[in-house]
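Read-outs: derived from the displayed coordinates by stated rules, not from any lab. Please read all numbers here as calculations on a predicted model, not as lab measurements. Positions of Cβ are generated from backbone atoms using ideal geometry, with glycine treated the same way; all protein chains shown enter the neighbour counts.
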Amino acid sequence: MALLRNFRANTAAAVDPRWYETFFEDDWLELAVDHDVLQTRAEVDFLIERLELEPGARILDLACGHGRHAVELAAMGFRVTGLDISEPSLAIARERAAERGVELELVRLDMSELRADSEFGAAFNFSSAFGYLPREQDDQEVLARVARALVPGGQFLIDTMNGQWLVRNFERRAGRKLASGTEITEERHYDPATKRSSATWTLARSDGSRSELRHSMRIYTCPELCGMFAKAGLQVNGLWGAVDGSELSVDSRRLIVRGRRG
């Protein structure tokens, strides 16, 4: 038992509990800007349909990153506020909005500090941008703040990793190569006691330079996340396993939950 405790402590010590405050900078952005344009459009179409967005609706993009969803929605006439903790990411979002000639409010803020009250008709958190905070009660507080930020009847949609899928399909190592030629090697660890998934990403570039990124996030199952929605005052009214609208199952890699503020 002591050996197990030491192993978990050593694993947890490898990742700063507040890793997300500095993670989403230059190295991360090298990965993030590699997204497929068609994938982004499919995700935006899904958001419009499943959030039942009316023309001109005011929307909160919680953890907007470099704005790949926010800019597209703004270009379609929605009034979008993008919130993110990473200033380098927001700088790219501002550049993209300017290139597209669209108005977009971008705010540098930790999601746990959201203070809005009945301001948004809809909100979303996409691409596994939830579960970063050190404690589960911190995540619960974020959901409560999101619910408070919505107008009565407003909806929130979250897209994250499906905890049931991850446990059954966990891989300790993985690798991929970006279009730039950078090779990424991932060393992963999943702690069943805390349900946190941690990883070290090593980036090896074609010029011989290398760098590392470390992160850790709480991976939720559908029952857990639905319970958190209910506690926050969000009535769950939609579950999906992918942005193609497929039904959620234990074999779904993604977990998409929608809830409505009463």
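Data for the structure
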read-out	value
Set of region 189-223 residues, backbone N closer than 20 Å to the point 7 Å along the Cα-Cβ line of residue 26	201-215
Shape metrics for region 165-216, restricted to C-alpha atoms - Rg then Dmax, Å	12.9, 41
Full-stretch length increase - residue 210, residue 100 - with 0.36 nm per residue and alpha-carbon distance subtracted	36.2 nm
5 angstrom amide H check on residue 154, placed H, neighbours 5+ away	261
Separation between Cα centres of region 67-101 and region 147-180, rounded to whole Å	20
Relative contact order [Cα under 8 Å, 6+ residues apart], the chain, whole percent	18
More than 36 angstrom apart: percent of Cα pairs within the chain	11
Filtered trypsin sites (Lys or Arg not before Pro), region 106-181: DSSP coil and at most 12 other beta carbons within 10 Å	115, 135, 172
Reciprocal mean inverse distance between Cα atoms of region 127-262 - Kirkwood radius, Å	16.4
